[in-house]
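Each reported figure results from applying straightforward, stated rules to the coordinates on display, with no laboratory input. The model shown is predicted, which means the values in this text are computed figures rather than measured ones. So basically every Cβ, Gly included, is an ideal-geometry build from the backbone, and we count neighbours across all protein chains shown.
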Amino acid sequence: MLLLLPQELVEHVALYLDIASLCRLRLTHGDLNAKIFRSWAEQFHTIKTDLTPQSVRKLLAIGRHERLRDHVKGLFLQADWCGEFGRGLDWYVDQHSPSQECRTSDQFKALQDSLRHRLQKCRSFHIGGDPHNAEDADLPTSSEVALLFLKTVAETGIEIQSFTVDFIGEHPSSTSHGGGWLYGSLHKDYNAVCSLPSFSHSWCHLQELHLHLDIRFTDFDWTSNMLLEAPKIRRLSLKFQEGELTLVSKILGLVAPQLEVLNLGFVHMTPQMLFHFLRNSHMSLRRLRMRSMFLEYSLNDEEGELADWLYFFRTLRTKFHNLNAFELLNGYFALRTPESYQRVAFPSLLDNDEVGAYERPSERFTLRRRKAWKRTNGENMVKVPTVRGTSYEGSYMTDALKRLEETAEYSP
């Protein structure tokens, strides 16, 4: 019956089947296999691996498959349930490593060769896991795995499109939680790799960069190189180690290309720093997401007014006309000194607060509510709902930002 259906209908039916059912269906008839091959191959767009021998052999086998390998677009590297990568491979210290800490293996070199010559459409790498949780000293940490793939980019000339390092569990499929930073003195290796001319040649094609780790001052050189060598980048995520004001000022002192999406976390800054960083993105920025943002005390140079959250919302409203999604979770402002941080809140906003005039379709804020401890009756502690931030997505962003500007209040 399926053989009599047009190609489009057979592919539509295949959308409702899992990978095991697709495999069984392929074995029923040669013509049917040909019709559903594309649907089956789409299951391999992103391949998960923990660099164990079995998963590496799987990647190498896919690379040898002349039709299937062209469907592989990205690798999702995630540590196993023990938080480890590459158990079962023969790892040894790379003698060319500046820190003499980074490891490699012959099997991984075979994977590098496959990425260069066979898996040529695999242009996206996502590395997740705890950067320190390697109980076996002979196995690479997540920090080393991320470095190995940066070296792969530099040594193979891969025209990479997307690169993600997630040490804090930002991705829904990630098993890492909490804070994370580069292990040991590996920043020396990162600096060396990101300074190579071959790295620049490959990195200039990058369109997405997500660094979900605690960026520290020792990471400035390679982080800045990643930004400077990526003129085509459109989506950027940065999370800094809390309190690194000097580092943030140096990073935001650069000028980003025409970004469409920007995610920032744990950033101590002035509004002027961010708007300088986004100087080329006034017309391109579509989405802005900020978590745990600390605005330092400053004055607007042009008018001498206080550059606080009200100034921030007003500048977004008047200069970023194509912004259609905004999120702020945990915003703070220092009135005079870092010890005087106050939280910005919007107590008069309700979940059903409408944006837009009555003569046109209305839209609503989506408030992020969190449980916060509040002391009652002296010693007792109870959890009460409190608004820690707000987000809005829609076509009336100007009205939404104006509402935030009008309702923002500071509280200790």
Item to check | Label point at A325 placed 7 Å out along Cα→Cβ; residues across the range 386-412 whose backbone nitrogen lies under 19 Å | outcome: 389-401
Checklist entry - Each label point is 7 Å from the Cα along the Cα-to-Cβ direction; what then is the distance between the points at H65 and T398, in nm? => result 5.2 nm
Next on the checklist: Loop only by DSSP, 14 or fewer other Cβ within 10 Å of the Cβ. Give me the GluC sites (Glu not before Pro) in the range 232-309 that pass, ordered by residue number.
Outcome noted: E242, E302, E303, E305
Next on the checklist: For a 27 Å ceiling on Cα separation, which of these pairs sit above it: K232/K319; K109/K250; K121/K188; K151/K239; K121/K151; K48/K109?
Outcome noted: K109/K250; K121/K188
